Amino acid sequence: MLGFCRASSTRRLRVLCPWTIASGLAGLFLFDPVAVAAVVPGRIVLQEGDAIMGGAAVTEISPPWVNAAGEVGFTGELDNGDHYVFVGNDVVWQGNDDAAVNLDNVDSVMGSNGRSHWVYAVNINGNQGLYTDAGIFAVSGDSAPGFTGNFTFLSTPSMTADGTIYWRAGINTDDDGDTDERGFYRATDGTFGSAELLLASGDIVDGVMINDNSAGINASFAISDNGAHWIHVLNMEGSSDNDDFVMVDGLMVAREDNPTSEGDNWAQFDLVGINDAGNYLFTGDTNGLMNSDEFIAYNGNIAIREGDTVDGVLLPSSANLRFVAINNLEQATHAWGYFLEDGDARETVFFACNAADLAGTSQEVFTTIDDELDVDGDGNGDYAITNIPLGSATDSKSLGETPFVYVEVELEDGNTEANAIVEFAVTCCGNTAIDPREECDDGNDDDTDDCPSTCLNARCGDGFVQTGVEECDDGNDDDTDACRNDCTLPDSVDETVGEDSTSSTGGSGTGPGSASLGDTDSLGSSTTADDTNTDSGGGIVPLDSACGCRAGRPVPDILASLMGLGVLGLGRRRRYRR
């Protein structure tokens, strides 16, 4: 397929439809833009079938957990019966790396801190436990701190930026092997010797007692990267009509059967997330009408609910949440699954530039079935995105402080289907607000003004010729080609001096917006021309940055030529959503 209609709902997008070009321009065919897949750029981090060190192939991938350093981590299975732990850009551990113990039955929940430290849940010599980069952490049967008894299970581990490990555990107190109590722990130095009990069955939280049943200390919890804030779904002693609640930093912020402030009551809680500032998300259902009961709440207030339209995407009465996450830049991501009127299933992932305005700033990253993945940057779909393989709401952390969202998806290339972790680039550039990683945002597409479409201040070397003292800008550091590194033309003519006089006008580096070789920008960085821009966070931003939020691409040369002949015309549109 040579061309896709670039579907979009954001302001800064350039659309190359409704046409496609046959090989050799033998024909030009119009087609229904509604039926054409949108192409979303992304990078496959790892997919089933990939061979890792030692030659074993990946057979299973678990949901992603992004750490405080912005690195993605996850676990999975291999075709040789072993398993692996992936952090950053590589597999950092295989179960058979420790020949002294038998590690199997790996769990999907893990944590890391970006400093080569990680933790995951796994059976250790047949006993459920936690394993870290330092070896065995603890196993069922070990003495449980804070109780007269032993662990019956250890599960759902997480790790904060300083390497502190958090986990849930079951405890047997009467020697019959059954789980009698439950506890929530942390180990501040990453070793079991520093373990301390934070919460246990029977504790009083904001005037209510924690239940000793399986829901008492729920698996849905989150710790901020700095360890200062904690959110947890808990269950209390008492009537089942109102015993579930959400705790934030030791206080109840929502309770089953209590008012939501929107005319209905909280009914169920599922997923949670919290950041270093203590701002938080939680999801669940209300007791309202079934076509509007699923919700996401920000700081205790419902922000989006089933039945809403978000960035042009209707979340119909069948909609339910797949995952949520909030980062320390006050950005968020959320995914919904739903059925269309014809019964076809879809899932849509959103990225929000401002979690406090979740409904107003959420952008569609991609929609399964409707969208295709471009992994080589040529603007064509390489894979169909067919599914997000989560059967229900699933705890994961798909967003850090880098401009990426990580999602486990099912991909199809026409021959095979495989699950993969995919990195989707996201941006807020173009919304007129100066967001993290931006220096400016004027809300227009003009790359010749003070704020190009990269949302980085215009400077010599950014590849754009600015209106005023710049004569050229080829975006490279070759000072011998047709454009000097100070963005002047070689041997340019100064018409104010006379035809026979030559000078390098603009080379003086004076005047508004001028820049010369060796100048520094507002961030103190050299403005020497190069092929890429550097964002305020130190990351590399390509001149044609690929954004998973449906960022457009420049018009191909051949299309530009055709337009110059008046054969084609470009227009902007929003993709129709059913």
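Please compute the contact order of segment 207-305 in relative form: average sequence separation of alpha-carbon pairs under 8 Å and at least six residues apart, divided by the residue count, as a percent.
Contact order relative to length: 20 percent.
Give the relative contact order (percent, whole number) for segment 140-203; include only Cα pairs under 8 Å separated by 6+ residues.
For segment 140-203, the relative contact order is 25 percent.
Order 437-450, 263-276, 394-407 from most to least packed using the mean count of other Cβ atoms within 10 Å.
394-407, 263-276, 437-450
How large is ³J(HN,Hα) for each residue in segment 176-192, as worked out from phi by the Karplus curve 6.51 cos²θ - 1.76 cosθ + 1.60 (θ = phi - 60°), to whole Hz, x for Gly and Pro?
After applying 6.51 cos²θ - 1.76 cosθ + 1.60, I find 9, x, 7, 7, 9, 9, 9, x, 10, 10, 9, 10, 5, 9, x, 10, 5 Hz.
Compute the length gained on full extension between residue 450 and residue 339: take 0.36 nm times their separation in residues and subtract their Cα-Cα distance, giving the result in nm to one decimal.
So the extension gain works out to 35.5 nm.
Can you list residues whose amide H is under 5 Å from residue 267's amide H, if they're 5+ apart or on another chain and H is modeled 1.01 Å from N?
257, 285, 286, 287
Bin width 10 Å, origin at 0, all Cα-Cα pairs of segment 116-226: what percent of pairs per bin?
The calculated distribution, bin by bin, is 15, 49, 31, 5, 0.
Got a sec? Which residues in segment 233-256 would a label at residue 204 touch, if it sits 7 Å along Cα→Cβ and we count backbone N under 20 Å?
Only 234-239, 243-255 fall inside the zone, counting backbone N under 20 Å.
Would you mind calculating the relative contact order of segment 90-231 from Cα pairs under 8 angstrom and at least 6 residues apart, reporting the percent as a whole number?
15
So, counting K/R as plus one and D/E as minus one, what does the shell of residues with Cβ under 9 Å around residue 208 add up to?
Charge balance in the 9 Å sphere: -2.
Amide H to amide H, which residues 5 or more places from residue 45 or on other chains are under 5 Å from it, using H placed in the peptide plane?
Answer set, sorted by chain and number: 421, 422, 423.
If I take R0 = 56 Å and measure r between the Cβ atoms of residue 262 and residue 479 in this structure, what FRET efficiency does the formula 1/(1 + (r/R0)^6) give, to the nearest 0.05?
0.35
Read the figures in this text as sums done on the coordinates, not as results from a lab. Just so you know, these numbers come straight off a predicted model, no measurement behind them. As a convention, Cβ positions derive from the backbone with ideal geometry for all residues, glycine included, and neighbour counts pool all protein chains shown.
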